[in-house]
Amino acid sequence: MYVRSGEESHAVNHYRGPMIMDRFLRDIPKAELHIHIEGSLEPELMLEIAARNRLVLAFDSVEELRKAYAFTDLQSFLNIYYQGTRCLLHEQDFYDMTWAYLNKARAQNVRHAEIFFDPQSHTDRGVPFETVISGIHQALLEAEQKLGLTSRLIICFLRHLSGKAAMETLHQALPFREWIAAVGLDSSEAGHPPEKFTLVFDQAREQGFLTVAHAGEEGPAEYIRQALDLLKASRIDHGVRCLEDPKLVDRLVADRVPLTVCPLSNVKLGIFGSMEEHPLKSMLDRGLFVTVNSDDPAYFGGYITENFAAVQQALGLGRHDIYGLARNSFLASFLRKDEKQRLLDELDDFMRKQIVISPA
Ligand code: ADE
Ligand code: ZN
């Protein structure tokens with residue numbers, strides 16, 4: 001039906017292979033399940049929004065901003081990321097940021113996106129919850145109508161803040177219940193275990209929200225267990241440190257728990273020393289249900305295609321591996337069964353149309 005062997009893609013790489021592979025990675029239908037919308041704010045748009053809001057930022061040129069994006073760990077990134085959110089004040093700002101991401105995603109054939117936002121990083125600055133969600137929601141609606149790109153919205157609670165603050169945020173979200181699919185947990189992981197948020201996640205589930213959580217990014221494998229047992233997470237965001245606990249890996253494999261892995265993010269934040277050391281291939285070989293995502297593309301050097309390209313090159317993935325990852329992205333999504341099937345069919349159609357080019 002389509003090309004299966006890893007050897008084929010290696011052979012082609014000597015000739016026109018890299019270009020053909022890049023196009024394949026860009027054009028293959030895919031879903032993005034781990035993207036912080038505030039992490040998609042490119043320096044150019046950040047400065048444009050800051051200027052129209054008459055704000056002075058700590059950095060006042062694109063070059064200075066990009067130079068500051070040299071991170072040593074998660075916290076060093078978060079310090080800059082939260083500064084970046086400060087330009088966002090009005091509904092139009094949230095709309096523009098989201099619309100820019102959706103257009104980039106569509107150009108990389110993202111057919112469905114599940115998008116995190118961090119309301120507390122805005123409401124704590126005095127921006128009303130309604131302003132934030134209305135701008136984001138309007139862009140998501142337009143993307144479905146004009147770009148044919150479907151989406152779900154996920155509220156993330158900031159784990160460096162209290163469980164009580166998360167509960168207040170959940171209550172602010174309730175009038176917009178219809179616009180939100182799930183709640184999640186992000187920000188500084190070490191020292192902020194999922195158990196701190198058991199109560200608010202209990203309430204969220206009672207209100208009909210699905211749950212996800214960042215766990216096992218910088219924090220220990222134990223936090224993945226807590227996210228599953230206490231928060232009843234349907235997916236684990238990152239989860240790469242599960243590999244330190246073979247029993248947990250067995251459980252994740254047996255229960256088919258999706259892990260939304262973000263390779264460029266992991267290397268930029270020093271979780272792994274280089275892309276060649278990234279365990280994505282070992283995770284797939286071990287039977288884990290892995291997807292590839294961009295996390296904060298404006299900060300980590302690439303959107304979803306660049307993440308696919310980075311692991312494809314560094315780990316020598318073949319087309320069949322990439323097909324498997326794209327397939328996982330639809331299977332692990334919160335789409336309805338019929339919506340999933342339509343996108344899986346589109347993926348299989350795409351694969352059937354691929355031309356096999358053998359070396360001269
Ligand atoms: N918020 C934005 N990006 C994040 C990440 N990679 N980990 C935790 N919180 C985040
Ligand atoms: Zn993330």
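Quick one: putting +1 on the C-beta of Lys and Arg, -1 on the C-beta of Asp and Glu, what dipole do you get for the chain around its Cα centre, in Debye to the nearest 20? List each step's numbers first, then the result.
On the way: 39 positive and 51 negative charges, 157 e Å.
It comes to approximately 760 debye.
In debye, nearest 20: dipole of the stretch 269-317 around its Cα centre with unit charges on the Cβ of K, R (+) and D, E (-)?
On the way: 2 positive and 6 negative charges, 32 e Å.
My answer is approximately 160 debye.
List the pairs from Lys247/Lys268; Lys146/Lys340; Lys67/Lys268; Lys164/Lys232; Lys247/Lys340; Lys232/Lys281 whose alpha-carbon separation is above 23 Å, in the order I gave them.
Values: Lys247/Lys268 28 Å; Lys146/Lys340 20 Å; Lys67/Lys268 14 Å; Lys164/Lys232 19 Å; Lys247/Lys340 31 Å; Lys232/Lys281 27 Å.
From Lys247/Lys268; Lys146/Lys340; Lys67/Lys268; Lys164/Lys232; Lys247/Lys340; Lys232/Lys281, over 23 Å: Lys247/Lys268; Lys247/Lys340; Lys232/Lys281.
Among rounded, prolate and oblate, which fits the stretch 221-355 when a ≥ b ≥ c are the square roots of the eigenvalues of its C-alpha gyration tensor, a/c under 1.5 means rounded, and a/b larger than b/c means prolate? Could you put the intermediate results ahead of the total?
Details: a/c = 1.66, a/b = 1.15, b/c = 1.44.
It is oblate, given that a/c is not under 1.5 and a/b is not larger than b/c.
P(r) for the stretch 195-297: what percent of alpha-carbon pairs falls in each 5 Å bin, starting at zero?
2, 14, 24, 24, 18, 12, 5, 1, 0
Give me the number: length gained by fully extending Asp255 to Glu144, i.e. 0.36 nm times residue separation minus the C-alpha to C-alpha distance, one decimal in nm.
Details: separation 111, 0.36 × 111 = 39.96 nm, distance 3.18 nm.
The Asp255-Glu144 span can extend by a further 36.8 nm.
Report the gain in length on full extension from Leu344 to Asp285: 0.36 nm times residue separation, minus Cα-Cα distance, nm rounded to one decimal.
Details: separation 59, 0.36 × 59 = 21.24 nm, distance 2.20 nm.
My answer for the length gained is 19.0 nm.
Work out which trypsin sites (Lys or Arg not before Pro) in the chain are exposed loop sites (DSSP not H, G, I, E or B, at most 13 other Cβ within 10 Å) and give the longest gap free of them.
Details: sites that count: Arg4, Arg16, Arg54, Arg125, Arg256, Arg336, Lys353.
No qualifying site falls inside 126-255, the longest such stretch.
How much of the accessible area of the stretch 299-339, probe 1.4 Å, is carbon plus sulfur, in whole percent? Walk me through the numbers before you get to the answer.
On the way: 600 of 1290 Å².
Result for the stretch 299-339: 46 percent of the exposed heavy-atom area is carbon or sulfur.
Residue by residue through the stretch 216-226, what is 3J(HN,Hα) from phi via Karplus (6.51 cos²θ - 1.76 cosθ + 1.60, θ = phi - 60°)? Round to whole Hz and write x for glycine and proline.
x, 8, 9, x, x, 4, 4, 5, 5, 4, 4
Per DSSP helix of 4 or more residues, -39500 (n - 2.57); summed, then divided by the residues of the chain. What does that give at 222 nm, rounded to the nearest 500? Before the final figure, lay out the partial values.
On the way: 18 runs with 177 residues, N = 360.
Helix contribution divided over all residues of the chain: -14500 deg cm²/dmol.
Using 0.36 nm per residue of separation minus the Cα-Cα distance, give me the extension gain between His90 and Asn103 in nm, one decimal. Could the numbers behind the result be given before it?
Values: separation 13, 0.36 × 13 = 4.68 nm, distance 2.05 nm.
Going from the current span to full extension adds 2.6 nm.
Under the √(5λ) rule applied to the eigenvalues of the Cα gyration tensor, what semi-axes describe the equivalent ellipsoid of the chain? Give them in Å, descending.
On the way: eigenvalues 194, 113, 83 Å².
Gyration-tensor ellipsoid for the chain: 31, 24, 20 Å.
The values are calculated or read from the model by the stated rules, or taken from the named source; none is laboratory data. Everything quoted here is computed from the prediction, not taken from an experiment. Note that each Cβ is placed from the backbone with ideal geometry, even for glycine, and that neighbours are counted across all protein chains shown. Accessible surface areas use protein heavy atoms only, side chains included; no ligands, DNA or RNA. Shrake-Rupley method; radii C 1.70, N 1.55, O 1.52, S 1.80 Å.
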